[in-house]
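Q: Below you will find the structure I want to go over with you.
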Amino acid sequence: MISLRGLQTIDSTFKPTWLVRTSDMQVVPGFKAKSDGYWALSYSWNQSGEVVKEGHDEYRRVDKALHIIIRYKTVLKSSSSSWNDASSRFQKATHHLVTFAGLVQQICKDFGIRYIWYDQMCVDQSDHAKKVYEIQRMHKIYQHAFCTIALVPELEFLGVDKTGSRQANIDVITTSEWSKRMWTLEEAYMSRNILFIGRNTHLLSRTARYYVGPSHLRAEAFLFNICTPFPNWRASTALWFTRSRNSSKAHDRIFALANIFPDLMADIQVDYKQPLLDLMIKFYGLLAQKDLSVLCFGSPIDSDTSRQSEANLLPSWTGVFGGHIPQKSDNEKHLRTRFTNYNVSGRYIRCQSCNCIPITIVSAEPRERSSSTETKEGLPYYSPSEDDYTGLYHIRPRENANSLLFVNTTATSQDDHNYRIKTFALRATHFLPMSYNYRSRQEENDWLNEPYGSHVGGWLSITEDCSECFMLSEMPFSIDGDHWYAFPVIKKNGGHYKSIGVCVTRGIYLFDGSLRQRLADFIIQ
């Protein structure tokens, strides 16, 4: 039996309706576990057996007992060999084909687990009312389990390095089949402890969290966040993770996501026959009313057309055309805004008395950097490497066309912006230069030609081209410490406005007196 000492525990009287007693794999009432507690299982359905589609949106699993348990037995190389001679002994592997239930039972035996919950045996898939009841409290089942077993067959033991440390391909967890499913995201998020079980090794979530550390890279951020007991994700973070995940049934995408925000589940009707679009608008509306960080999205580096059909039907503020910005799990201030003067009604977000900065985007050819002290009209600005960015634009505030706004990209600033663009997985579509009031011509040239300074004010990441847009300056969302902020960007679209991305800037001080703000009401569709 493998020791799991030191795992986090909580006092809880909650028990699922049904549990599996692992000694004989019989389904028993949840209260039977009493003080023993229970474990939960998280896995990808298509790795538990053959998934057969029946009808438009119905699936069943066929278990052909093709799961393999490998057992090792020490044997002698020959009948004349001696047990006292270590060189005469070796480990002989035998393969045993079992059903998925048999595989689960063996795992539970290895780890001393008496009761376990998993959907195949604990949810009556043929009874709609019972299935709905269990889906509505799925978050509780995983939240109150002592530990969740995540089956990741791609995870393998690689051997021992020169220092004697055991090595495993931990990174594969983030690209495994398990990490591509919607329900496993919810299950991992709600779990306080996770035990990853691979082909020939196992790994505790606390070890995985220590291995990757905090990061904005999608793979590492996912592993770090789910291995943090009881994380508190903002809406933008959850949507960032769900973008690359899928589900067998389209409705399950919303039901799984809603379980990450349990307070919304009371208003969500679990009914697979309801129109999918109505369900999605209902959920996104509840989420936006709870957390306005749904507006924190931009143009993603990787294009995903798998959800294009629903993207064309949903309101722009859901961000389905783009990629959302994640928070750092170790900072509760991230992706929060103080703006509350809004309400959500159906397909519309109504923002009242919200300050904004109108911006006109003017295309311009980048100029070569010059050491000349002569300043031409509009001030020179410099193009970064074409390998890093495409499409350089000159941005001016529409209400003050004489205000000097420019971008000066030194090597330092390029690295700085390149880092954030890659870590957020967003594409910088335009640059937002910062303004500076010079006291003298010499000061101007000294500042412009500083070889190591970072003078880039920020950048736009928008999902479609436009000549005019509005930056909602009253909605700063902190995204990286106390220095970088994301502001939602909208544009006029008929009688309403459309969410098209974000403006990422370094410090709110960017908006000085030369940038006049406008107080207005917006209806975003």
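Q: Tell me, which residue of region 157-179 that is open to solvent by 30 Å² or more (accessible area, probe 1.4 Å) and among the hydrophobic types (A, V, I, L, M, F, W, C) is farthest from the chain's Cα centre (by Cα)?
A: Checking each candidate, the answer is Val160.
Q: Can you find even one residue in region 119-141 that is surrounded by fewer than 18 Cβ atoms within 10 Å (Cβ to Cβ), hydroxyl-bearing (Ser, Thr, Tyr) and in contact (Cβ under 8 Å) with a residue 60 or more places away in the chain?
A: yes
Q: Working only within region 233-273, note down all residues that are open to solvent by 30 Å² or more (accessible area, probe 1.4 Å) and farther than 23 Å from Tyr43 by Cα.
A: Arg234, Asp263, Ala266, Asp267, Gln269, Asp271, Lys273
Q: Given (1) polar (S, T, N, Q); (2) over 28 Å from the mean Cα position of the chain (by Cα); (3) at pLDDT 85 or above, where does Ser35 come up short, assuming only one miss?
A: Result: Ser35 fails condition (3) only.
Q: A further question on this structure: Would you mind stating whether Ser215 is open to solvent by less than 40 Å² (accessible area, probe 1.4 Å) and at pLDDT 80 or above?
A: no
Q: Pull out all pairs, ordered by first then second residue, where Cβ-Cβ is under 8 Å, the residues are six or more apart or on different chains, the first lies in region 99-114 and is without any contact (Cβ under 8 Å) to a residue 40 or more places away in the chain, and the second is open to solvent by 40 Å² or more (accessible area, probe 1.4 Å) and not in a helix (DSSP H, G or I).
A: Matching pairs, first to second residue: Thr99/Asp63.
Q: If the requirement is being among the β-branched types (Val, Ile, Thr) and modelled with pLDDT under 80, which of these qualifies: Thr242, Thr228, Thr237?
A: Thr228
Q: For region 88-102, what are the residues that are closer than 10 Å to Asp63 by Cβ and open to solvent by 40 Å² or more (accessible area, probe 1.4 Å)?
A: Across region 88-102, the qualifying residue is only Thr99.
Q: Would you say Ile70 is aliphatic (A, V, I, L, M) and under 31 Å from the mean Cα position of the chain (by Cα)?
A: Considered against the rule, which asks whether it is aliphatic (A, V, I, L, M) and under 31 Å from the mean Cα position of the chain (by Cα), Ile70 comes out as no.
Q: So, one more: Can you spot a residue in region 478-490 that is part of a loop (DSSP other than H, G, I, E, B), buried (at least 21 other Cβ atoms within 10 Å of the Cβ) and at pLDDT 85 or above?
A: No.
Q: Here is a further query. Just give me the residues in region 120-172 being aromatic (Phe, Trp, Tyr) and within 30 Å of Ser35 (Cβ to Cβ), in sequence order.
A: Tyr133, Tyr142, Phe146 - these are the residues of region 120-172 that are aromatic (Phe, Trp, Tyr) and within 30 Å of Ser35 (Cβ to Cβ).
The values are calculated or read from the model by the stated rules, or taken from the named source; none is laboratory data. Since the structure is predicted, the reported quantities are computational estimates derived from the model, not experimental observations. All Cβ positions, glycine included, derive from the backbone under ideal geometry; neighbour counts span all protein chains shown. These area figures cover heavy atoms from the full protein model, side chains too; ligands, DNA and RNA do not enter into them. Shrake-Rupley method; radii C 1.70, N 1.55, O 1.52, S 1.80 Å.
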